[in-house]
């Protein structure tokens with residue numbers, strides 16, 4: 001799949017899954033998007049690209065309320081979770097998040113909104129083509145790897161599709177070049 | 001015991017049939033699912049994908065001890081505690097004792113069919129632990145005190161008003177029957193349970209031997225919370241869920257959501273390996289590997305393919321019987337076609353004895369199964385096993401063993417019946433009413449009379465109009481053609497003569513034996529196979545032709561299977577199989593093709609695919625091609641390949657009320673097509689559909705394809 005088609009496929013599939021996709025030309029643009037859409041406090045677990053960018057500081061400077069410690073106690077009240085993405089699959093619009101550290105899991109399960117920062121260079125055509133990387137992510141003795149495709153959904157009452165039952169109601173994918181080209185890090 | 005069980009089963013059928021809303025819901029779901037599934041598999045090679053799944057699952061079955069030890073070793077290295085439970089009791093005991101030791105008061109659960117299988121909730125409650133189902137459908141079913149009626153959509157039988165009432169009991173105030181509101185309410189109510197619970201219990205869709213990890217596919221996100229928030233996570237896993245490698249797991253992930261809900265992928269696919277961090281410390285992960293009949297299933301050569309099942313529920317979604325009665329009738333814990341097999345091995349034959357008869361044999365499930373399981377074949381085998389345990393009933397036993405095996409006696413009795421029916425038929429070809437307790441059978445369809453002269457008696461008087469025949473074709477008529485619709489035989493001769501073939505009727509042929517094997521009497525079926533192979537081959541035909549697809553399947557497939565261990569007959573049965581064709585394929589492939597007909601100006605016609613022709617013999621394009629060539633304008637009805645509800649004795653004896661409802665669906669589709677004529681290639685379907693149309697006094701003509709083709713030469 002050529003690079004250009006891959007992005008097109010990813011955007012279409014992510015859209016079909018109910019996720020929003022936003023191109024950001026700079027970290028500052030991503031921060032202002034987060035400020036405008038978070039709807040309240042943001043859970044920010046620690047991950048490589050966030051540390052490199054100094055995201056916590058940038059968000060606080062922009063006036064956001066950031067929770068980056070004591071996740072268990074504070075996550076229930078948070079409006080949003082912000083994470084990176086290890087890599088993605090174009091075919092299905094899927095995000096892959098190495099979630100062994102508990103704060104990543106809390107930030108992507110409990111709040112109503114999940115913001116995911118994805119470097120466009122880390123989009124694989126499909127799951128099968130990413131198998132070797134997936135294997136590396138699971139080669140540690142313990143692991144928790146999450147594929148996330150769109151928001152939480154159910155059709156359990158009269159088969160009517162309803163968004164946001166136990167997990168996030170909104171998934172925003174912020175595409176930002178230069179975060180990381182290493183699928184092993186978030 | 002058996003009598004009470006049968007009565008209760010019949011009562012459940014009657015209850016389901018008197019709930020039209022249920023049928024409407026299941027039909028609507030079936031239609032929407034079929035479309036979504038088709039879209040999801042678009043551009044993919046379904047046959048190749050299911051062959052891969054079957055291959056992976058068969059590999060695990062053959063070497064299950066090796067993969068089990070590999071899985072256990074890797075999971076334990078990652079910090080999981082793994083236990084093997086031989087049965088439901090051992091699994092429940094381990095979990096309840098663990099809960100007691102750790103002082104667990106509340107356990108949050110995500111969807112697990114294994115938990116249903118072992119009745120874990122009951123065991124937890126008895127141990128003083130409050131189990132809270134968190135999958136929305138499961139929670140609804142739990143609040144209602146019921147069991148899931150579908151493996152993927154547990155509450156598919158319920159409606160928003162009922163859900164609102166149940167939720168109102170939880171909140172202590174009236175709740176509006178608004179779905180978005182009800183979903184939000186479930187989110188809020190269950191959040192508390194997630195935070196409070198000391199234990200999370202989940203199933204697993206896949207256990208990866210290579211990594212010792214588990215894979216869970218969900219849409220709601222509850223399994224992620226079950227696996228994250230409580231300190232203890234118990235995963236209940238049937239040992240058939242093993243996959244050798246990560247690539248195998250990816251294959252299952254690629255296929256399962258497409259087949260289950262028509263989604264390209266579920267919202268969440270979660271890979272969990274070992275004791276991940278949890279709060280200040282590490283998670284306690286307990287993996288309970290359950291056998292409970294799976295090893296026995298693996299040892300059964302006729303049934304073991306059922307272990308390939310990935311629990312997508314597709315077999316129920318396409319099943320006309322499931323759509324008519326739902327999973328509380330057609331199921332035990334596991335529902336639909338796969339449910340019959342799993343119930344027999346996991347819960348015992350007694351639980352399966354009634355539902356094993358519920359299958360109408362249409363093979364829809366076989367055509368959609370993403371693991372390539374021939375469910376119908378396994379179900380037929382289970383009927384034999386249950387017949388061996390309980391008998392097939394004295395009446396059937398006499399008919400099959402004493403009468404059917406003796407051709408002269410069997411045919412003599414049919415001739416006698418043709419005379420005895422006179423007071424009912426009043427000399428007509430159609431029976432519109434039957435007296436007394438048989439009257440139910442003609443309430444919804446007329447029945448054809450047995451012909452005064454069966455085809456076999458008039459055959460020598462049928463002129464063969466063909467000089468220098470290019471082929472000698474033996475006609476295997478089957479009972480319905482021979483004794484009920486002899487005129488179809490005449491039509492066949494007319495058409496095949498015109499195509500340059502001579503048609504012979506080997507007189508020693510008899511019933512194909514399918515009625516016996518469908519009732520679980522394989523011995524009679526094998527005897528009939530031998531009689532027919534002898535009769536048909538003795539005339540040294542170039543081809544054998546049938547006008548009944550069930551007979552086609554018997555000659556092409558069943559005879560070979562029945563006689564495969566018979567040194568005298570195995571090779572002959574294979575030879576017969578090779579030269580047997582249904583009439584449409586014989587014409588298109590062997591006798592010159594559709595071009596011969598070149599007709600025009602026929603009625604607008606719709607085609608009904610007979611189950612055994614399309615899904616048994618793989619023939620569906622051929623008759624359409626022939627009808628079009630004969631000048632008929634074709635229009636497709638909706639659900640053209642859905643069963644008409646005939647099913648042989650299914651519509652006469654075992655499930656007439658279900659058969660009637662399935663026929664109603666078919667007639668609705670036929671009428672909606674606006675066709676003036678409905679064509680089909682099966683005398684059984686003809687009996688059912690023509691009978692239903694006649695009873696409604698519909699002007700639509702129901703006809704066998706051969707009848708319509710013969711018309712073109714008569715015109």
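Quick notes
- Reduced Cα scattering model of chain A, Debye log10 I(q)/I(0), q = 0.11, 0.18 Å⁻¹: -0.45, -1.24
- Order of B:552, B:606 - criterion: other Cβ atoms within 10 Å of each residue's Cβ, fewest first: B:606, B:552
- For the peptides B:501-514, A:21-34, the ranking by mean Cβ contacts within 10 Å, running from highest to lowest, is B:501-514, A:21-34.
- Residue by residue along B:271-282, Cβ atoms of other protein chains within 10 Å of the local Cβ number 5 on average.
- Most to least packed among B:519-527, A:47-55 [average Cβ atoms within 10 Å]: B:519-527, A:47-55
- For segment B:268-298 versus segment B:593-640, the gap between their alpha-carbon centres in whole angstrom: 53
- Beta bridges assigned by DSSP with both partners in segment A:66-173 are antiparallel in approximately 45 percent of cases.
- Between segment B:461-519 and segment B:14-46, the Cα center-to-center distance that results, in Å: 39
- With Cα atoms as the point set, segment B:597-714 shows a radius of gyration and Dmax of 13.7, 44 Å.
- Within 10 Å of the Cβ of each residue in A:65-76, the mean number of Cβ atoms contributed by other protein chains is 1.
- Nearest-0.05 FRET efficiency for residue B:58 and residue B:105, computed from C-beta distance (R0 41 Å): 0.40
- Debye intensity ratio I(q)/I(0), log10, segment B:35-118, q values 0.14, 0.20, 0.21 Å⁻¹ (C-alpha model): -0.82, -1.10, -1.13
- Percent antiparallel among DSSP beta bridges (both partners in the protein assembly as shown, rounded to 5): 30
- Segment B:44-290 - share of DSSP beta bridges that are antiparallel (%, nearest 5): 30
- When you restrict to C-alpha pairs under 8 Å that are six or more residues apart and normalise by the size of chain B, the relative contact order lands at 11 percent.
- Value of [θ]222 nm, deg cm²/dmol, for chain B, DSSP H segments ≥ 4, -39500 (n - 2.57) each, nearest 500: -13500 deg cm²/dmol
- Distribution of pairwise C-alpha distances over segment B:44-290, 10 Å bins, in %: 7, 30, 36, 20, 6, 0
- Seen from all directions on average, segment B:286-351 presents a Cα convex hull projection of 5.2 nm².
- Semi-axis lengths, Å, the protein assembly as shown, gyration tensor of Cα atoms, sqrt of 5 times eigenvalues: 57, 29, 25
- Ordering of B:5-18, A:75-88 by packing [mean C-beta count within 10 Å, highest first]: A:75-88, B:5-18
- Modelled FRET efficiency - R0 51 Å, residue B:635 with residue A:65, Cβ distances, 0.05 increments: 0.20
- Taking the inverse of the mean 1/r over every pair of distinct Cα atoms in segment B:181-283 gives a Kirkwood hydrodynamic radius of 14.7 Å.
- Order of B:584, B:698 - criterion: other Cβ atoms within 10 Å of each residue's Cβ, fewest first: B:698, B:584
- Distance histogram for chain B (every C-alpha pair counted, 10 angstrom bins, percent rounded to whole numbers): 3, 14, 23, 24, 17, 11, 7, 2, 0, 0
- Fewest-first sequence of B:271, B:620, B:569 by Cβ atoms within 10 Å of each Cβ: B:620, B:569, B:271
- Where labels lie 7 Å past Cα in the beta-carbon direction, separation of residue B:408 and residue A:20 in nm: 8.7
- Note on chain A: helix-only mean residue ellipticity at 222 nm, from DSSP H runs of 4+ residues weighted -39500 (n - 2.57) and normalised by residue number, equals -8500 deg cm²/dmol.
- Within segment A:35-73: backbone nitrogen closer than 18 Å to the residue B:184 label point (7 Å, Cα to C-beta): A:39-40
- In the distance distribution for segment B:414-497, Cα-Cα pairs more than 21 Å apart total 41 percent.
- Legend: mean number of C-beta atoms from other chains within 10 angstrom of residue C-beta atoms, peptide B:179-186, equals 5.
We did not get these values from a lab; they are worked out from the coordinates using the rules stated. Just so it is clear, the model here is predicted, and its values are computed rather than measured. All Cβ positions, even for glycine, are placed from backbone atoms using ideal geometry, and neighbour counts span all protein chains on display.
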